[in-house]
1. How far apart, in nm, are two points set 7 Å out from the Cα along the Cα-to-Cβ line at Thr72 and at Glu217?
2. Could you work out the relative contact order of the chain, using alpha carbon pairs under 8 angstrom and six or more residues apart, expressed as a whole percent?
3. How big is the charge dipole of the chain about its Cα centre, in debye rounded to the nearest 20, if each Lys and Arg gets +1 on its Cβ and each Asp and Glu gets -1 on its Cβ?
4. Non-local amide H neighbours of Val238 (under 5 Å, H modeled in plane, Pro and chain starts lacking H): which ones?
5. Using the alpha-carbon centroid of each, what span in Å lies between region 96-164 and region 72-91?
6. Can you sort Met42, Met203, Met52 from fewest to most other Cβ atoms within 10 Å of each residue's own Cβ?
7. Applying 1/(1 + (r/R0)^6) with R0 = 25 Å to the Cβ-Cβ distance of Val51 and Asn177, what FRET efficiency is obtained, to the nearest 0.05?
8. Return the FRET efficiency for the residue pair Glu98, Lys134: r is the Cβ-Cβ distance, R0 is 30 Å, and the value is rounded to the nearest 0.05.
Amino acid sequence: MQRIGTYSLTQKVVLSLLLTVTQATVSASDHGDASPFHEPEMVAVPGGEFVMGSPDTEAGRHTDEGPQRRVTIAPFAMGHHEVTFAEWDACVADGGCEYAPDENGWGREHNPVINVSWNDVQQYIAWLNRRSGKNYRLPSEAEWEYAARAGTSTPFATGDCISSAQANFRGDLPYGNCRPSEFRGRTAEAASLPPNPWGLHDMYGNVWEWTADCWAEDYHGAPSDGTPRDGGDCRVRVVRGGSWPYDAGVLRAAFRDKYLLDHRNISLGFRLVR
Ligand SMILES: [Ca+2]
């Protein structure tokens, strides 16, 4: 449905019929003219164990990325792409989200939603869970890094370098001795760049992604079972993955940053897990 603009007219008709059926089945409690309800497209992430954080030897490393430790992760499903404006706007239209974020003149639809705070996201999740009857939530920091690495241990799932053909970031500020590439200067349509080995798009760059975890200065005392950290400073939550106006060093799988719960900006979005 999200890519309806690219379908042929016949496909649109078929799709609308299908959606009508889905709507009737899924949402008997629909209100009037609200948009049809769609769940996010999810990708199955296998359970496993991984080494979280970066080694002392990794260029650009910060002390908050250690100490490295083994973390066990139960299987889960993760958003195929960052939550889009179309997905957010459906929540607003349905009365589930009070806040309609500005798109910074870049258009809405398939662009990743920006200008949403951690608190705003809680409204979206509550709405989605009411409508779907499922348990969508923000990923833990450990789940996020596990999924971003997708079995790799290099700074990026793409290896020791990443380019703007693989991720949306300041390609003109590459990592280490890697070659420079394009800087787009804005968000890219969600999932318009190649996925990581586990089929997840834009884990590196495009928009920062909120996680569930309270901020702590390093991994001493952090859980090793993949659950979010609830100690530390819970007024501040961890964001991951870097974003379109940041250099490659910030896109590293181990890199961590943080924002206050009510902070909104044009490089900050999210994706969900369940
Ligand atoms: Ca991202």
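Coordinate-derived values only; no laboratory data. Owing to the predicted nature of the structure, the values given are computational and were not obtained by experimental measurement. Note that each Cβ is placed from the backbone with ideal geometry, even for glycine, and that neighbours are counted across all protein chains shown.
1. So the two model labels end up 3.1 nm from each other.
2. Working: 590 pairs, mean separation 63.8, N = 274.
Rounded, it is 23 percent for the chain.
3. Details: 25 positive and 36 negative charges, 77 e Å.
For this selection, approximately 360 debye.
4. Thr211, Asp213, Trp215
5. 6 Å
6. Working: Met42 17, Met203 28, Met52 24.
Fewest-to-most Cβ neighbours within 10 Å comes out as Met42, Met52, Met203.
7. Working: r = 25 Å, r/R0 = 0.98.
Result of the calculation: an efficiency of 0.50.
8. Values: r = 22 Å, r/R0 = 0.74.
Computed FRET efficiency for Glu98 and Lys134: 0.85.
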